[in-house]
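S.K.: Pasting a structure below so you can have a look.
The values are calculated or read from the model by the stated rules, or taken from the named source; none is laboratory data. Treat the numbers as computed from the prediction; the structure is a model and nothing was measured. Methodologically, a virtual Cβ is constructed for each residue, glycine included, from the backbone with ideal geometry; neighbour enumeration extends over all protein chains shown. Ligands, DNA and RNA are stripped out before the accessible areas are found, and what is left, the full protein with its side chains, is counted by its heavy atoms. Shrake-Rupley method; radii C 1.70, N 1.55, O 1.52, S 1.80 Å.
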Amino acid sequence: MTRMTKAAPQPETLRPGLAEEEHQITSKMWRSGWQRFVFPSFWLVYLAQVASGINKHSTGAAAFLGYVLIFAFAACYLLAMTSGWSGQTRRFWILYLIAVIIAVIELPLAHEDAFVCVVYLAVLAVASAHRYALGIVAALTVATIVAPALVPSWNAGLNFSTGVIVGLVSMAMFGFFNIVRANIALSEARAEVARLAAENERSRIARDLHDLLGHSLTTITVKASLARRLSSIDPARAAQEIKEVEELSRRALADVRTAVSGYHDVTLIGEIASAREVLRAAGVDATLPGAVDVVDPSLQELFGWVTREGVTNIVRHSRAERCEISLGPNWIDICDNGKGGLSGAGNGLSGLRERVEAAGGFVTIGSATALVGFRLRVDVPLDSELVPS
């Protein structure tokens with residue numbers, strides 16, 4: 001059983017966008033509130049067969065009880081399903097037992113039609129991912145087939161049709177739940193990639209600051225101590241040492257600012273490397289450029305922003321299996337084979353368009369031709385192309 005655990009608070013990172021992205025993807029894997037009941041509720045329509053059986057075989061108070069128990073069974077099914085996926089194992093099995101009891105009570109009221117409830121019990125057993133789930137499903141299937149024939153008053157033979165349905169639905173839901181678990185595991189892997197990326201950035205900053213400041217501060221300490229000793233013996237020499245201390249301090253401060261600001265800057269090569277890891281974790285087969293030298297240096301930061309936004313859209317919206325990023329001196333093209341264009345430009349694409357237009361370029365958004373999916377292309381005329389011949 002996959003458990004959804006609350007992540008511990010993380011320190012502020014230098015690349016909050018990536019960590020926030022992964023958190024949003026993870027939080028959408030299992031929605032809270034009424035939305036988590038929507039999908040399981042669709043299939044409760046088949047309980048109408050139980051109601052039909054009650055209408056045929058029961059009257060008066062017995063029929064009323066049967067109808068009430070249908071709603072109680074549906075509630076147990078929905079609550080047990082969500083409890084299982086949220087990791088509340090004890091609550092799941094309590095609700096499962098209640099559902100079994102309700103299904104047994106329905107037998108004399110709806111006769112063989114009550115075995116429709118067994119289909120839902122089998123689905124819950126598969127959803128539990130318990131080691132005995134296969135045995136439970138097998139027992140439910142056999143009971144569905146044989147039990148009606150053991151009650152002479154029902155005048156029913158072996159119930160093969162419902163038994164086959166129990167087996168087929170169980171196999172189908174086994175595949176479905178495996179896909180859901182794989183998606184949750186993938187979401188957790190992407191979140192782990194983001195966390196490790198943030199830790200690597202902090203480690204690099206700490207290492208660089210140590211390298212930058214270690215020598216400078218040691219030199220400053222030595223010169224300041226020398227100036228103190230010379231202050232009463234050779235004031236001119238002491239003043240020179242203090243001047244050099246001031247220059248060293250300014251130089252160290254500039255080095256620190258350069259090192260830290262470098263981690264805030266978006267670079268094309270850095271975003272390509274990040275895209276490779278994120279797309280790999282998302283299960284997208286990516287064709288990425290091995291070098292960015294072909295791009296004009298003045299456009300590399302802008303194309304880094306384009307790469308970040310394009311990859312974000314692929315991971316969040318496209319459901320693609322393949323994507324390709326191509327580069328030219330003044331253009332970048334990102335396409336995938338996903339579900340196609342977005343329903344509307346979000347804040348990310350709107351902000352990207354403003355950034356590109358400020359640089360004198362334009363954004364093309366549409367369907368990809370080679371991969372038949374979504375395409376994001378940015379072209380920025382170079383200065384030489386703006387000069388008339």
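S.K.: Quote the FRET efficiency, to the nearest 0.05, computed for I179 versus L213 with a Förster distance R0 of 41 Å and r equal to the Cβ-Cβ distance.
M.R.: For R0 = 41 Å, the calculated efficiency reads 0.20.
S.K.: So how do M171, M81 rank on accessible area, 1.4 Å probe, biggest first, that is with the largest at the start?
M.R.: I get M171, M81, largest accessible area first.
S.K.: Using a 1.4 Å probe on the protein heavy atoms only, what accessible surface does I365 show? Give it in Å² to the nearest 10.
M.R.: Here the accessible area works out near 70 Å².
S.K.: I've got another one for you. Roughly how many Å² of S52 are accessible to a 1.4 Å probe, to the nearest 10?
M.R.: 60
S.K.: Another question, then. Net charge near Y67, counting Lys/Arg +1 and Asp/Glu -1 over other residues with Cβ under 14 Å of its Cβ?
M.R.: My count for the surroundings of Y67 gives -1.
S.K.: Run the dipole for region 113-208 about the Cα centre, Lys and Arg Cβ at +1, Asp and Glu Cβ at -1, nothing else charged, and hand back the magnitude in debye, nearest 20.
M.R.: Dipole magnitude for region 113-208 comes out near 240 debye.
S.K.: Can you sort S153, S231 by solvent-accessible area, 1.4 Å probe, largest first?
M.R.: Ranked list, largest accessible area first: S153, S231.
S.K.: So what J values fall out for region 294-307 if you push phi through Karplus, 6.51 cos²θ - 1.76 cosθ + 1.60 with θ = phi - 60°, rounded to Hz, Gly and Pro as x?
M.R.: 5, 7, 4, x, 6, 10, 5, 5, 4, 5, x, 5, 4, 4
S.K.: Please give the solvent-accessible surface of D383 in Å², to the nearest 10, using a probe radius of 1.4 Å with every protein chain present.
M.R.: It works out to around 120 Å².
S.K.: Next up: Subtracting the Cα-Cα distance from 0.36 nm times the residue separation, let me have the gained length for K339 to M171 in nm, one decimal.
M.R.: 57.7 nm
S.K.: What length, rounded to one decimal in nm, is gained on full extension from D293 through to K243, with 0.36 nm per residue of separation minus their alpha-carbon distance?
M.R.: Between D293 and K243, full extension yields 13.7 nm more.
S.K.: Related question: When the accessible area of region 81-127 is computed with all protein chains present and a 1.4 Å probe, what percentage of it is carbon and sulfur?
M.R.: Reported share for carbon and sulfur atoms: 75 percent.
S.K.: Report the calculated FRET efficiency for R202 and A51 (r = Cβ-Cβ distance, R0 = 45 Å), to the nearest 0.05.
M.R.: Calculated transfer efficiency: 0.15.
S.K.: Determine the order of D293, D379 by accessible area, beginning with the largest, at a probe radius of 1.4 Å.
M.R.: Listed by decreasing accessible area, they come as D293, D379.
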